[in-house]
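Step one of this worksheet: look at the structure below.
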Amino acid sequence: MKKEQLLDMYYQMVLIRRVEEAAAELYQQGKIGGFLHLYIGQEAVSTGLVAARQPQDRIITAYRDHGVALNVGISARQVMAELLGKATGISKGKGGSMHMADVEKNFWGGHAIVGAHLPIAAGLALGDQYRGSDGVTICMFGDGATNIGYFHEALNLSKVWKLPVLWVCENNQYGMGTAVERASAVSEIRRKADGYAIPNMAIDGMNVMEVYETAQKALAHVRAAGPFLLEINTYRFRGHSMGDPERYRDKEEVARWQENDPIGIFRRWLLENEKASAETLDAIEARAAADTDDAIRFAETSPEPTLDELFKDIYVEANHG
Amino acid sequence: MAKITMRQAISQALWEEMERDENVFILGEEVGIWGGTYAVTKGFYDHFGEKRVRDTPIAEAVIVGAAIGAAMTGLRPIAEIMTINFAFSAMDHIVNEAAKMRAMFGGQMRVPMVIRTVSGGGRQLGATHSQTPDAVFAHFPGLKVVAPGTPYDAKGLLKAAIRSDDPVLFIEHATMYQVRGEVPEEEYLVPIGQSKIQRPGRDVTLAAYSKGLDLALKAAAQLAQEGIEAEVIDLRTLRPLDMQPIYQSLEKTNRLVVVEEGWKSYGVGAEIAARTQEEAFDLLDAPILRVAQKEVPLPYNSTLEQAALPQVVDVIAAVQEVLR
Ligand SMILES: Cc1ncc(C[n+]2csc(CCOP(=O)(O)OP(=O)(O)O)c2C)c(N)n1
Ligand SMILES: [Mg+2]
């Protein structure tokens, strides 16, 4: 990979971290409402996946979507403005944290009903297959989502129709407060794909290079031969959403995972492999912090949507009540 | 009488019924170790243990489906569906199984099950997580649908629901857990299927339930300052729907406004207006008005969301309109 791309990945990971840390503070100040699910700790997953995709590859995910949003190139300004419910947000302030999308960037949304976007991903892939495009749909979802029927229906159909979907389970060890082994008959989630004869693999999601390289191979497989499932092991450093009392895990466990901070791991890798100097990486971190500050300023000074927006964008055609 | 919150009232009802009958158990997402997403079952897991307070996978269809099956064997499951928006993932089991099981087999089976769930907007949770689709569920014969508006009724109705031999959908409102009200120390039940006057009046009848009741009572208090006495009737149960208190009230007032949080089209107000004109047309001196949600998926932005949700001022405006 080119040095510029590596450094851009580093920038993206740090930007996600800074934007979300800021979002957590803005939430405490009451400037962000609703649910706020932070991606902190999981940045390597979406960063590696998005770096590996081609422009024609679609991506779709669940409500924990700030990472993908920033990776695909939605500006920090538009992300922050959406979090603050402003007219300048990527979803015009109507979606909030859980519902970011940018169709032009082939990002088909954060979706808030657990598992519900897996059948949709099958349909996106069907669209590409039908038209003869070689695009792949990357569908990300949590470990918890593999226990709902949607997962099984979608995987099965994708195999039967050889749909070009890369199924990506982000196994962050918990669905809300429920540990994987308390909810899933197999705790090695990739094995669920065996039931549908979908080739699969589990990898370390704290290492962005591993995610990137595996995703490239998996995407090539999907393009040539149909669905593949990647289980990417990771951990959310924060609660499920804001205000999670975290009774279900102990501080030592969190601390253990935090020693494997994906940003720290990537930084060391870049230094050890002489891809960048410490000064260069420091400068990137400073830029991410400055861009976050700029995004906050932009979002805070942006206008609220006007009341007539309420009735807009509900139907494509005229809405006659 | 002690004043307790809606959350405490619901929690007490569950606790008391579990102490009373060991066939009663809870299953659902995060009901155990987490203590319930809305903290209703906090402490239950430690007290009753994992046999009776069962954390489930995120799998609404099997939560409801397994509850139905267990109920058919004589247990009394309380299936918690984290919010009513996720009940759509279990819709087949609610509609095609729970509601039909008895009738379809000529009365051989019974499904003594409660589905507890949480409805309502106003918390900036966006389009999929803010719905008030209560009326949808009230459409199906075979299901009972209960939606209390006070802690007293919540406790009494939930206990009655748990003891009911039929499937009951018990709907709580996401923004009402802190609402306080008087609840007696001694045991009581509130029968399912009875509307009730929550505030007497003579000038206009407000029929409401759940969050709509809250709006109606606040509107009534303000209207009283202008000398307008609204009689507020709490439906409490959407199916079976008890219209008699509304008709009795109309004998005095001859004017009716229905207040609900859900969408207006095909809603609770539509049902009440239709029944009233079918069964009590002569009691009406003015068209029936409905106060309800604007016909849009709820947006995240708080100003827009509040503009879409019915407000106290909307109730007052409707009352003034029917009194003109
Ligand atoms: C159908 C449905 N049921 C329940 C919920 C509530 N809920 C939101 S996130 C979540 C946990 C999901 O866990 P997982 O899939 O592992 O994703 P993670 O949050 O860990 O990223 C639950 C239960 C929901 N949004 N949709
Ligand atoms: Mg998870």
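Each reported figure results from applying straightforward, stated rules to the coordinates on display, with no laboratory input. Only a predicted model underlies this, so the values are computations on that prediction, with no experimental measurement involved. Here the Cβ positions follow ideal geometry from the backbone for every residue, glycine too, while neighbour counts run over all protein chains shown.
Take the Cα of B:Gln248, go 7 Å toward its beta carbon, and the backbone nitrogen atoms of the stretch B:175-194 under 18 Å from that spot belong to B:190-194. Using only the Cα atoms of chain B, each taken as one equal point scatterer with no solvent, compute I(q) by the Debye sum, divide by I(0), and report log10 of the ratio at q = 0.07, 0.09 Å⁻¹. Taking Cα atoms of chain B as identical point scatterers yields -0.27, -0.45.
Under the definition of partner shielding as Cβ atoms of other protein chains within 10 Å of a residue Cβ, what is the mean value for peptide B:298-311? Could the numbers behind the result be given before it?
Working: counts 2, 12, 19, 18, 6, 8, 10, 6, 0, 3, 3, 0, 0, 0.
Counting Cβ atoms of other protein chains within 10 Å of each residue's Cβ and averaging gives 6.
Take every Cα pair under 8 Å whose residues are at least 6 apart in sequence, average their separation, divide by the length of the stretch B:81-206, and the relative contact order is 28 percent.
Can you compute the charge dipole magnitude of the stretch B:2-183 about its Cα centre, using +1 on each Lys and Arg Cβ and -1 on each Asp and Glu Cβ, nothing else charged? Give it in debye, rounded to the nearest 20.
Details: 18 positive and 20 negative charges, 63 e Å.
So the dipole magnitude of the stretch B:2-183 works out to roughly 300 debye.
Need one number: % antiparallel among DSSP beta bridges in the protein assembly as shown, to the nearest 5.
Of those bridges, close to 15 percent are antiparallel.
Considering only DSSP beta bridges whose two residues both sit in the stretch B:132-276, what percent are antiparallel, to the nearest 5? The antiparallel fraction comes to roughly 30 percent. In this Cβ point-charge picture (+1 for Lys and Arg, -1 for Asp and Glu), chain A has a dipole of about 640 debye about its Cα centre. Evaluated at q = 0.07, 0.14, 0.15 Å⁻¹, a Debye calculation over the C-alpha positions of chain A (equal weights, vacuum) places log10 I(q)/I(0) at -0.27, -1.12, -1.27. Note on the protein assembly as shown: dipole from Cβ charges, positive end direction compared against B:Leu215, A:Gly239, B:Asn254; the farthest Cα belongs to B:Asn254.
When you restrict to C-alpha pairs under 8 Å that are six or more residues apart and normalise by the size of chain A, the relative contact order lands at 24 percent.
Out of the stretch B:183-283, which chymotrypsin sites (Phe, Trp or Tyr not before Pro) are coil in DSSP terms and have no more than 10 other C-beta atoms within 10 Å? Kindly include the intermediate steps, with their values, before the conclusion.
Working: sites: B:Tyr188, B:Tyr209, B:Tyr247, B:Trp263, B:Tyr266, B:Phe281; in loops: B:Tyr188, B:Tyr209, B:Tyr266.
Filter output for the stretch B:183-283: empty list.
Between A:Asn273 and A:Arg223, the simple spin-label model (points 7 angstrom out along Cα→Cβ) gives 2.0 nm.
The convex hull built on the alpha-carbon positions of the stretch B:212-324 has an orientation-averaged projected area of 7.3 nm².
What fraction of the Cα pairs in the stretch A:38-104, stated in percent, has a spacing above 19 angstrom? Please list the in-between numbers first.
Numbers: 599 of 2211 pairs.
In whole percent, the long-distance tail amounts to 27.
Among the lysines, which fall within straight-line cross-link reach of B:Lys159, defined as a Cα-Cα distance under 19 Å, with same-chain neighbours fewer than 8 residues apart omitted? Reachable lysines: B:Lys3, B:Lys42, B:Lys144, B:Lys196. Do you know the relative contact order of the stretch B:2-183, to the nearest whole percent, from alpha carbon pairs under 8 angstrom that are 6+ apart? That works out to 28 percent. As a ratio to 2.2 N^0.38 Å, the alpha-carbon radius of gyration computed for the protein assembly as shown takes the value 1.03.
Cross-link pairs exceeding 28 Å in C-alpha to C-alpha distance, out of A:Lys162/A:Lys192; A:Lys162/A:Lys312; A:Lys192/A:Lys251; A:Lys192/A:Lys275, comprise A:Lys162/A:Lys312; A:Lys192/A:Lys251; A:Lys192/A:Lys275.
Net charge in the neighbourhood of B:Met101 (other residues with Cβ under 11 Å of its Cβ; Lys, Arg +1, Asp, Glu -1) is +1. Take the alpha carbon atoms of the stretch A:98-177, find their center, do the same for the stretch B:148-177, and report the distance between the two centers in whole angstrom. Each part's Cα centre sits 37 Å from the other's.
Given a Förster distance of 35 Å, report the FRET efficiency between A:Arg191 and B:Lys51 from their Cβ-Cβ distance, rounded to the nearest 0.05.
Details: r = 28 Å, r/R0 = 0.81.
Working from the Cβ atoms, E equals 0.80.
Convex hull volume of the Cα atoms in the stretch B:92-238, per residue, in Å³?
Working: hull volume 18.8 nm³, N = 147.
Dividing the Cα hull volume of the stretch B:92-238 by its residues yields 128 Å³.
Using a Förster distance of 30 Å, how high is the FRET efficiency between A:Met1 and A:Glu300, based on the Cβ-Cβ distance and rounded to 0.05? Don't jump to the answer; show the numbers that get you there.
Details: r = 37 Å, r/R0 = 1.22.
In this case the efficiency is close to 0.25.
Write down the percent of antiparallel bridges among all DSSP beta bridges whose residues are both part of the stretch B:2-183, to the nearest 5. Could you put the intermediate results ahead of the total?
Values: 4 of 25 bridges.
Looking only at bridges with both residues in the stretch B:2-183, the antiparallel portion is about 15 percent.
Projecting label points 7 angstrom from Cα along Cα→Cβ for A:Trp161 and A:Lys251 puts them 5.1 nm apart.
What FRET efficiency would be calculated for the residue pair B:Asp165, B:Asn96, taking the C-beta separation as r and a Förster radius of 25 Å, to the nearest 0.05? Display every interim value, and only then the final one.
Working: r = 20 Å, r/R0 = 0.79.
Approximately 0.80, to the nearest 0.05.
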